[in-house]
Structure formats: C-alpha cells, structure tokens
Amino acid sequence: MADAIYIHIPFCEQICHYCDFNKFYLKSQPVDEYVEDLITEMGIYADEHDEKEPVQSVYIGGGTPTSMSEKQLAKVIHDVRELFPLSESCEFTVEANPGSCDASMMKGLYNAGVNRLSIGVQTFDETLLSAINRDHEPGDAQKTVDMAREAGITNLSIDLMFGLPGQTMEQWKQTLKAALSLPITHISAYSLKIEPKTVFYQMQKKRQLRLPDEDLEADMFEELVANAKRTGFQHYEISNFAKPGFESRHNLVYWDNCEYYGFGAGAHGYLNGKRYANHGPLPKYMKAVSAGERPKREEHQVSSDAQKEEFMFMGLRKMAGVSLDDFEARYHTTMEETFPGVLEALKGDGLITVKDRQVSLTGDGQLLANHVFEKFLLGNEQ
Ligand code: SF4
C-alpha cells in the first residue's frame, strides 16, 4: 500500500528552454475541467486505499501548480485531504516558481495544510535566467521566501541548476552565496542535461550552445557541496542537501524504492509491484477519466531483477547508501550473490565504500555515479 502521493499540474506561464516535463502553456487550457478530472482520478484510487494507512507525504508538482488560480489549487488540496487519510505529520509540498504566488495564495496554501514549499529558483543571475527562459527576476526568490514565511510556511526548499550555457564559476559562486543566505531548509541542485524535444536540444544540434566543460561542471559540484556543508546543510543525496531533520520525505520514497500514487496527466506511479505512466496529452488523459477509466498510458510489473537494480541505483543516490541487510531482507539473497564481483571491483576503483554493512558512494563515486549504477545492471557484461 502506497503512503505517498504525487499530483501533477501540467501548466506553465512560460516554457523553459531545458524542460522536457509534461507541461502546456497555461493560456486557453481547460484548467477547471482538468481539476475536476484529477479529483475524479484520485477518487478511483482512494476507494481502494485502506483507511487505516495514513498518507505520509503529498507532493503537488508540475508544471507550475501556482500558475493555477488560488481557487483551483485550493480545490485540489482540499479534495486530496478529503479523499485520503493524511497522517498528522504529513509532509505536504507544493512547487512554486518565484513570483508566481502572491501573499493571498501563500496564506491560502498555509491555511489549507501545505507545510512545505519547493521553489524553482535555478539561478540568481539575471543573464542566465533569461538564457534559460525563466519568467522571474533574481529578486523574486527572496520575495517568495519572505512571503512564505510570513504566511507560516517555514519548511522551504529551493531548486538550483548549474552547468548552464555560458555559466562561469564566478556566477555559480554568486548564486550559491545568494541561495545560502536565504532562511531555507533544503536545496536541490542539478546540472543541466540536454533532453530531446527542448529548445536547448535544437540549439545544441545547431551548435549554438556553449556549455561548461565536464571539469568545470565537476568543480561547480564540489563548490556546491563544500558551501552547503559549511552553512549547516547535510549532503544526504547526490543532488540534495538539508538542514538536519528536513530531508525531503517525498523524495526519500523514490530513493528508498517505495510505492506511491501518481495522479494527473503524464504522472508516474508505482503500486502493487507495478510501475505505470498516465497519458500525457490533456485530451487523452481527460477522455480516459471521463470514461471512468484509470488514465494509464502504460503499466508493467517490475521484475525481480529490475527491483534489485532499482534498489541499487536509487539507494546509492543517498549518501547513507544501501544496507546489505535490507537487500537480503527484501530479496532473500545477498548483494554479493546478485552482483558477483561488482562491490569488490568498485571498492578497488575507489568509487564505493562498505562500512558497517552499508554500501555508499565515495566522493569520486558521486562524480561518476552513472558509471557506478551501470555496474548494477543485471544481465549486462560487468
Ligand atoms: S516552469 Fe518548470 S515545468 Fe514549466 S517549463 Fe519551466 S521547468 Fe518546465
């Protein structure tokens, strides 16, 4: 039984050049109808949810949830609370873009039970904000943080990006300085990845993108880790940092390879050993829900091998790593038997450590994480 819920709001007021999420220009979209369908979809699953299993985390992401009206967003929040039993200490997160939420909406979120805000800052550099096509100014992040705190939401996370086109180390240091001076509890920082079907992908094909090289990107990551640690953040996942006790409960569900509901167009979920993806295009999603169906585009049973692989990939993202004993308890076989020779080889290469029956990435392992994860693909040549 899943005890975490992800809700996707696929509307944005402006489309960022790097974004490959399922999202649509807000203008002229049937948002009220979408909200109705979302609630209907949640109702289908809620009927089967055990009342005695309280939900521990709800995450409303997107898209830009705060691009909807206060009333539309309030309805989604109200109805998920009506449909599912939420634990007293449920972490309830809403994603917001700087400048997309006014004081009234913020107060409304707090009054509705939202206790965590994830703010998509990305950078404090005006030139870079414009280069990636964000629709906010550097000063909007501080204003949004202040507004949230005034409304009573003090558990605040910000997203940052590095390795942006033309970004220098000096610009990154300035962004880190500005970010770390904010009264926040959590930071997620990812390097830019060029994904198909994005403006940046097209620009790269035409050789119009000047990206920092790998060495500079690695230095930026090290700068991030050093500065976050110096200012009291714990590095608890490759790309995530939290003040003690403020680790993202919702993301830990993913990294611990646990099950969760995914609602909304293009949302992914993991229930009863099956992973599923909803229809992304709004007409398809809405048509399926209107017909009383679960709006799934695809669903598959996760094989036993895939579960073990995912346990390793996802778990090793956490700095605490994965436990040899947890693996054995879950899969009734040992990690060493499942991945013969892999732990020893990676240890020998200085990419992982094994201590107190926990396997975790070293500093070099974090930089070469994808290379490490590949070694845990079953059926592949090691
Ligand atoms: S605001 Fe977020 S979801 Fe919307 S386009 Fe930008 S990155 Fe993508």
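Derivation of every value follows stated rules applied to the coordinates shown; laboratory data play no part. Because the structure is a prediction, the values reported are computed rather than measured. Note that we place each Cβ from the backbone using ideal geometry, even for glycine, and neighbour counts take in every protein chain shown.
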Report Rg (one decimal) and Dmax (nearest whole number) for segment 217-374, counting Cα atoms only, units Å. 18.5, 56
Under a GNM of the chain (C-alpha, springs under 10 Å), which listed residue has the highest mean-square fluctuation: GLN174, GLN208, GLN301? GLN208
What distance in nm separates the two pseudo spin-label positions at GLU48 and ALA345, each 7 Å out from Cα along the beta-carbon direction? 4.0
Calc'd 3J(HN,Hα), segment 197-211, phi into Karplus 6.51 cos²θ - 1.76 cosθ + 1.60 (θ = phi - 60°), Hz, glycine/Pro = x, comes to 6, 10, 4, 4, 5, 5, 5, 5, 4, 8, 6, 9, 10, 10, 9
Do the sum for the chain: with -39,500 (n - 2.57) for every DSSP H run of n ≥ 4, divided by all residues, what is the mean residue ellipticity at 222 nm, to the nearest 500 deg cm²/dmol? -11500 deg cm²/dmol
Long-range amide H partners of LEU160 with built H, under 5 Å: GLN122, SER188, ALA189, TYR190
I want the local charge near PHE92. Using Cβ-Cβ distances under 9 Å, sum +1 for each Lys or Arg and -1 for each Asp or Glu among the other residues. +1
If you line up the Cα atoms of segment 123-245 on their principal axes, what length do they span on each, largest first, in Å? 47, 28, 25
Please list, short to long, the whole-number percent of alpha-carbon pairs of the chain in consecutive 10 angstrom bins beginning at zero. 5, 21, 31, 28, 13, 1
Check GLY264: other-chain or 5+ apart residues with amide H under 5 Å from its amide H, H built from backbone geometry? HIS8
Net lengthening on full extension, LEU216/THR353 (0.36 nm per residue, minus Cα-Cα): 46.7 nm
Most fluctuating residue given options ASP140, ASP349, ASP79, as computed from a GNM of the chain linking Cα atoms under 10 Å: ASP349
Debye log10 I(q)/I(0) at q = 0.14, 0.15, 0.21 Å⁻¹ for segment 1-115, Cα point scatterers: -0.57, -0.66, -1.21
Pick from PRO212, PRO183, PRO340 the residue whose mean-square fluctuation is largest in a GNM of the chain, springs joining Cα atoms under 10 Å. PRO340
Run the simple label-point estimate for ASP32 and SER290 please: 7 Å along Cα→C-beta, distance reported in nm. 1.5
Antiparallel bridges, percent of DSSP beta bridges restricted to the chain (to nearest 5): 40
